[in-house]
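This report concerns only the one structure given below.
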Amino acid sequence: MPALANRRVLRLLSCLTALWLLVPGRSPVTARAIDPARATGVDAVSLVVGDMDRSVEFFSRVLTFEKVSEVEVAGDPYERLEGLFGVRMRVVRMRLGDEFLELTQFVAPEGRPVPQDSQSNDRWFQHVAIIVSDMDRAYARLRDAKVRHASAGPQRLPDWNPNAGGIEAFYFKDPDGHALEILAFPAGKGAAKWHRPGDRLFLGIDHTAIVVRDTDTSLRFYRDGLGLRVAGESENYGLEQERLNNVFGARLRITGLTAGAGPGIEFLDYLAPSSGRPLPADARTNDLIAWQTRLLTERVEALTARLAPGSFGFVSPGIVDLPPLSLGFSRGTLVRDPDGHAVMLAER
């Protein structure tokens, strides 16, 4: 009964907060400051790998990520968290600059590989954008490592696009077939930290990008529900964008959001072509197409209560308490956004 009572109190607080936000004259800054339920940052982006040792070698040797920690977990809490029975996971946390990537290998049960015919406009598509200080040097390093191309080659987005002009980008694949991006910002674009002087080639993770069916629907989940803020918008098209995404006729509405700390989340809404496929109905969290974006919050029940019914589905059967010092957070729940992308709502 105490736990149930606490949930009811938190839900009531969330509702009162929502009413407070409707008070005339309430500024967005003030509203966000008094909201205890919003997401406070992106802690890490996680992807499922088939061979942990191979992936750690790739990310550390080729992309200069630093291994921070490793843990192997099994048992009931992790089964409920991931929505799978018989779970044993090996989890490695890696850092590049200020940002973190997590690699998860399901020792059991093993999931399915990334489909060979995956395209950049399929709605299970997700990547991380790794910022580089020099695109030519970074591309040469990837060629030396014999990475598989997902783009025809590095592309410089045209100057007629005020928000994206001058940005250089290239898509490639890791050993499991996950799409990754390297990105170089020209002067005046991107966060100030990406332009600090130094001799590092790979600097950090700017954002994780997800394909969405409808931007407005996704905004209701991430902005209105989770409390993220829109940081920028762009409409990209043309030959350079087509070659970057390797999708003929690609025209994208791109929306960047921030939780205030950690990498941003970027929507890729393909206005054309409309041939992108939805996440398979039988997809599971141990499949190699599975990514998770972990959002931190002070009150995970209250944050979950903010999400509009029908805008998400639980993977976990509610809030799960975890053993101390296992995955870096004490409680969490895994939900799917309107397109099926997995989001871990976590409380430390």
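The table for this structure:
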item: Within straight-line cross-link reach of residue 189, aspartates and glutamates at Cα separation under 18 Å, skipping those fewer than 8 residues along the same chain; result: 134, 159, 168, 181, 206, 233, 235, 266
item: Pair residue 321, residue 192: separation of 7 Å Cα→Cβ label points (nm); result: 4.4 nm
item: Net +/- balance of residues flanking residue 288 in space, Cβ distance below 12 Å, scoring K and R +1, D and E -1; result: -2
item: Contour excess over end-to-end distance, with Cα ends at residue 60 and residue 277 and 0.36 nm allotted per residue; result: 74.9 nm
item: Answer label, with mean projected area of the Cα convex hull in nm² calculated from the coordinates and candidates (i) 19.8; (ii) 21.1; (iii) 17.8; result: (iii)
item: Proximal lysines relative to residue 173, as straight alpha-carbon distance under 19 Å, when same-chain residues fewer than 8 apart are discounted; result: 146
item: Förster-model FRET efficiency, 41 Å R0, residue 67 and residue 237, C-beta, rounded to 0.05; result: 0.55
item: Efficiency of FRET from Cβ geometry, residue 229 and residue 199, R₀ 45 Å, rounded to 0.05; result: 0.85
item: Net length gained if the chain between residue 348 and residue 220 were fully extended (0.36 nm per residue, minus Cα distance); result: 43.6 nm
item: Beta bridges per DSSP with both ends in the chain, % antiparallel, nearest 5; result: 80 percent
item: Highest to lowest packing among 285-297, 53-65, 150-162, scored as the average C-beta count within 10 Å; result: 285-297, 53-65, 150-162
item: Proximal lysines to residue 193, defined as alpha-carbon separation beneath 25 angstrom and excluding residues fewer than eight positions away on the same chain; result: 67
item: Phi to ³J(HN,Hα) by Karplus 6.51 cos²θ - 1.76 cosθ + 1.60 over the stretch 283-290, Hz, x for Gly, Pro; result: 5, 10, 6, 9, 5, 6, 7, 7
item: Under 5 Å, built H, 5+ apart or other chain: amide partners of residue 251; result: 271, 272
item: Whole-percent pair-distance distribution, where bins are 5 Å wide, for the alpha carbons of the stretch 101-160; result: 3, 10, 16, 21, 22, 15, 7, 4, 1, 1, 0
item: Contour minus Cα-Cα distance for residue 107 and residue 213 (0.36 nm per residue); result: 34.9 nm
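Every read-out reported here was derived from the displayed coordinates using simple, explicitly stated rules and does not represent laboratory data. These numbers come from a predicted model, not from an experiment. We place every Cβ from the backbone using ideal geometry, glycine too, and count neighbours over all the protein chains shown.
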